[in-house]
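Read-outs throughout are calculated quantities, based only on the coordinates presented, and are distinct from any laboratory measurement. Source: prediction; values computed, not measured. Virtual Cβ from ideal backbone geometry, glycine too; neighbours counted across all protein chains shown.
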Amino acid sequence: MMLVKKTVRSFVTELASDSATPGGGSASALAGCLGAALTTMVCNLSLDEKKFKAELPEIKAIHDQASKLQEKLLVAVDEDANAFKEVMAAYKLAKTTEEEKAARLETIQNAMKKASLMPLAVAGDCLETLKLARRILPIGNANAASDAAVAGLMAYAAIQGALFNVKINLGFIKDTEFCAEIRELVDEISAEAKIENAAMEEAVAAIFP
């Protein structure tokens, strides 16, 4: 059964169980999805032609982008869990003969790379979500300002969580060139996220002193 088809209670119960999946990767994707959904909600509460006429084109653009990110991150909840299941399946492959050992090692390495790229993509999408939350905060419905602020918090937490998952998976990958490239991308996303989050916190502080 797909994780996203579960009730909130059953998903949380499974998350709390001793099963390896869902784990931090899926939780991070879900946190980002919630951030995107809140951003979309603030936009929906700001589509008043009279009150937000000047900002309406920007609000609509943010709405469309946030809606797409919401869907992508929802799908990622299951994709992250499936990627890790592939890793676990690879470790269970036969390793009796030298040929089996070689094939198993290659399969593990490929699965680990996929399991690293998945949360990296999530982190990138969550960074875009954080940017959208920051954009809607000052121009959206003032009564939903706290929702925009929470959207930013969720997105930033999701970025950090996703990058933690990338980093831990890189520790199992022997391809040094691949690891170096991914670590560079991790650093870039992390640096940009810190800048965006600082700007978001400044904007929030101006509204909620």
*asked:* Could you derive backbone 3J(HN,Hα) for region 151-167 from the dihedral phi with the Karplus parameters 6.51, -1.76 and 1.60 (θ = phi - 60°), listing whole Hz in sequence and x where the residue is Gly or Pro?
replied: 4, x, 4, 4, 5, 5, 4, 5, 4, 4, x, 5, 5, 4, 5, 4, 4
*Highest-fluctuation residue, L74, L120, L105 considered, GNM on the chain with Cα pairs under 10 Å*: L105
*Using label points projected 7 Å from each Cα along Cα→Cβ, tell me how many nm separate E100 and E71, to one decimal.*
4.5 nm
*asked:* Normalised radius of gyration for region 68-137, please: alpha carbon Rg relative to 2.2 N^0.38 Å, two decimal places.
replied: 1.53
_Can you classify region 128-193 as rounded, prolate or oblate using the Cα gyration tensor, where a ≥ b ≥ c are the square roots of its eigenvalues, rounded means a/c under 1.5, and otherwise it's prolate if a/b beats b/c and oblate if not?_
prolate
*Quick one: if the Förster radius is 22 Å, what FRET efficiency do F172 and S17 give, using the C-beta to C-beta distance and rounding to 0.05?*
0.40
*Could you run the Debye sum over the Cα atoms of region 97-209, one equal point scatterer each and no solvent, and tell me log10 of I(q)/I(0) at q = 0.09, 0.10, 0.14, 0.18 Å⁻¹, two decimals?*
-0.34, -0.40, -0.62, -0.84
*Max mean-square fluctuation residue, GNM over the chain, Cα-Cα springs under 10 Å, options A37, A148, A89*: A89
*Which values of log₁₀ I(q)/I(0), to two decimal places, follow from the Debye formula for the chain at q = 0.12, 0.16, 0.18 Å⁻¹ with a uniform point scatterer at every Cα?*
-0.66, -1.01, -1.17
*Tilt of helix 56-91 relative to the longest C-alpha principal axis of the chain, in degrees (0 to 90, nearest 10)?*
20 degrees
*Could you give the length gained on full extension between V8 and E58, defined as 0.36 nm per residue of separation minus the Cα-Cα distance, in nm?*
14.7 nm
_Cα-Cα over 21 Å, subset of K53/K194; K50/K72; K51/K194; K6/K92; K68/K131_ = K53/K194; K50/K72; K51/K194; K6/K92
*Report, in degrees rounded to the nearest 10, the 0 to 90 angle that the Cα long axis of helix 98-139 makes with the longest principal axis of the chain.*
10 degrees
*For T107 and I207 in the same chain, what is the full-extension length gain: residue separation times 0.36 nm, less their Cα-Cα distance, in nm?*
30.8 nm
*GNM flexibility winner over the chain from L117, L137, L185 (Cα, springs under 10 Å)*: L185
